[in-house]
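Structure, as structure tokens:
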Amino acid sequence: MDGHSLGEHWLLRPDVDFLNHGSFGASPKCVLEAQRGWSERLEREPIEFLAPERTLLPKLDEVRDVVATQMQASSRDLVFVRNATEGVNAVIRSLPLQEGDEVLITNHGYNACNNAVRHAAEVAGADVVVADIPFPIRGSDEILDAIAAALSPKTRWVLVDHVTSPTGIVMPVAEIVRLARSRGVRVMVDGAHGPGMLSVDLSSLGADYYTANHHKWWCGPKVSGFLFAREEWQSDIQPTVISHGANTEGLGDTSFHANFNWPGTFDPSPLLALPTAIKFLSGLFAGGSDVGPGINTEGMRALMQRNHRLVVAGRSRLLDRLEVDAPVPESMLGSLATIPVPGWSGLTDERLREIAERLRGEHRFEFPVLRVGNQGCLRISAQAYNSIEQYERLADVLATDQALVARRGSQS
């Protein structure tokens with residue numbers, strides 16, 4: 001099956017080449033139908049369905065077991081959050097931090113989560129240190145060297161992305177964890193793009209904390225994610241919303257679960273529909289045997305490999321037409337890639353917005369146009385519904401539409 005035939009399973013506009021799965025994901029029709037079914041069951045019996053002491057908690061535990069199997073973790077170490085940004089905030093607000101301490105982030109980190117770190121540091125009187133990772137980059141050693149140089153005896157913890165949002169780099173998180181822990185520093189991994197893009201083994205990764213979204217590469221409904229914490233740190237972590245779990249028995253097998261299971265009245269349908277999403281994705285290129293509720297592990301791995309090959313091929317078409325060298329080694333890509341565009345260096349934010357609007361309105365493309373340092377770039381994604389022809393059409397447009405190049409006076 002190719003992206004043309006698989007696209008019918010999504011609601012995406014057929015007249016737009018959607019190359020931006022990385023931003024908010026996109027849920028297949030069957031997933032939206034499953035979510036709608038859960039919502040209707042809730043509305044038929046609101047108390048029976050939603051009251052934690054009745055049927056809700058066993059349902060959440062079933063989903064937790066699915067996530068744990070996919071992430072190779074213990075379900076006892078996982079709780080649910082609305083998204084990875086909330087997961088990062090929950091951990092950061094719970095970590096001990098004093099005046100004079102340092103926390104380490106990178107210049108490729110997700111802005112929202114870096115802002116959360118800056119806020120926590122400001123409240124505590126701590127300092128934020130930024131590891132300067134180059135782009136373009138030649139290999140993972142440059143990342144490890146930058147982080148090693150930024151660590152100090154004052155560093156208390158590190159926030160690092162598994163896959164960087166602006167640049168699409170798959171970070172060497174296992175090596176970063178080993179480096180940091182050798183110096184007594186905890187590591188929080190923002191894995192927003194991890195599940196569904198990469199094979200993640202939390203049991204061997206060694207991170208102290210890992211949070212991710214369900215709605216991105218797992219294609220689950222929006223407002224759904226998880227937070228993992230090593231057992232020794234779980235009692236310290238409080239959710240961003242303190243609710244009944246703080247002092248009510250029966251809301252979870254552990255205090256960690258209890259604190260996060262009930263944030264107040266909420267819609268659990270995005271969580272409950274997640275197994276449908278994973279099962280659907282794992283069946284697109286199925287092979288091997290099922291694990292869990294009809295989920296095919298080999299099929300999921302085949303999809304991730306297919307998406308990686310597609311984004312590499314799409315990037316290659318664009319690099320060739322633009323006559324640009326690859327800014328990131330192929331081995332450091334998942335299914336997301338950022339490409340510097342000649343003529344976009346030094347452009348103002350306003351001019352980059354104009355370019356993005358022309359690509360959307362005139363040429364019917366959807367993907368981010370962004371700045372990395374002083375260089376204007378575009379970022380492409382590859383999911384099951386995409387095909388190589390979409391990237392080839394984009395390469396043709398970029399090579400022929402003169403309105404997409406720099407104009408006199410448009411540089412900063």
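Read-outs throughout are calculated quantities, based only on the coordinates presented, and are distinct from any laboratory measurement. What you are looking at is a predicted structure, and each value in this text was computed from that prediction instead of being measured. Positions of Cβ are backbone-derived with ideal geometry, glycine not excepted, and every protein chain shown enters the neighbour counts.
Structural descriptor for the chain: relative contact order 21 percent, calculated from alpha carbon pairs under 8 angstrom and at least 6 residues apart.
Remark on the range 31-275: Rg and Dmax equal 18.3, 58 Å (Cα only). Each peptide in 259-267, 87-95 gets a packing score, the mean of other Cβ atoms within 10 Å over its residues, and the list from highest to lowest is 87-95, 259-267. Taking amide H as placed 1.01 Å from N in the peptide plane, the amide H of Gly220 sits under 5 Å from that of His215, each at least 5 places away or on another chain. Applying the Kirkwood pairwise sum to the alpha-carbon positions of the range 214-370 produces a hydrodynamic radius of 19.8 angstrom. Arg13 to Glu392: extension gain in nm, 0.36 nm per residue of separation minus the Cα-Cα distance? So the extension gain works out to 134.5 nm. Peptides 24-31, 43-50 ranked from most to least packed by the mean count of surrounding Cβ atoms within 10 Å: 24-31, 43-50.
Model label points for Arg41 and Asp127, set 7 angstrom from Cα along the Cα-to-Cβ axis, are 5.4 nm apart. Bridging of Lys216 to lysines at a Cα separation below 20 Å is possible for Lys29, Lys279, once same-chain residues fewer than 8 apart are set aside.
Looking at the chain alone, DSSP beta bridges between its own residues are antiparallel in about 55 percent of cases.
The 3J(HN,Hα) values that the Karplus relation (6.51, -1.76, 1.60; θ = phi - 60°) gives for the range 229-238 are, in residue order, 9, 4, 4, 5, 9, 5, 5, 8, 8, 10 Hz. Gly and Pro appear as x. Rounded to the nearest Å, what's the spacing between the alpha carbon centres of the range 44-63 and the range 150-201? Just the number, please. Taking the Cα centre of the range 150-201 as reference, the centre of the range 44-63 is 35 Å away. Convex hull volume of the C-alpha atoms in the range 196-302, normalised per residue: 121 Å³. Computed about the Cα centre, the dipole magnitude for the range 1-127 is approximately 260 debye when only Lys and Arg (+1) and Asp and Glu (-1) carry charge, each at its Cβ.
Note: relative contact order over the range 267-412, using C-alpha pairs below 8 Å and six or more positions apart, is 23 percent.
One entry in [x] 142; [y] 236; [z] 133 is volume of the Cα convex hull per residue in Å³ calculated from the shown coordinates; its label is [x]. Remark: relative contact order (the range 31-275) = 26 percent; criterion is Cα-Cα distance under 8 angstrom and separation of 6 or more residues. Estimated purely from DSSP H runs of n ≥ 4, each contributing -39500 (n - 2.57), the mean residue ellipticity at 222 nm for the chain is -12000 deg cm²/dmol once divided by its residues. With the convex hull drawn around the C-alpha atoms of the range 133-205, the volume per residue stands at 92 Å³.
Backbone geometry of the range 162-170 corresponds, through the Karplus equation with coefficients 6.51, -1.76 and 1.60 at θ = phi - 60°, to 3J(HN,Hα) couplings of 6, 10, 6, 5, x, 10, x, 7, 7 Hz, x marking Gly and Pro. In terms of packing, defined here as the mean over residues of other Cβ atoms within 10 angstrom, the peptides 52-61, 380-389 line up highest first as 380-389, 52-61.
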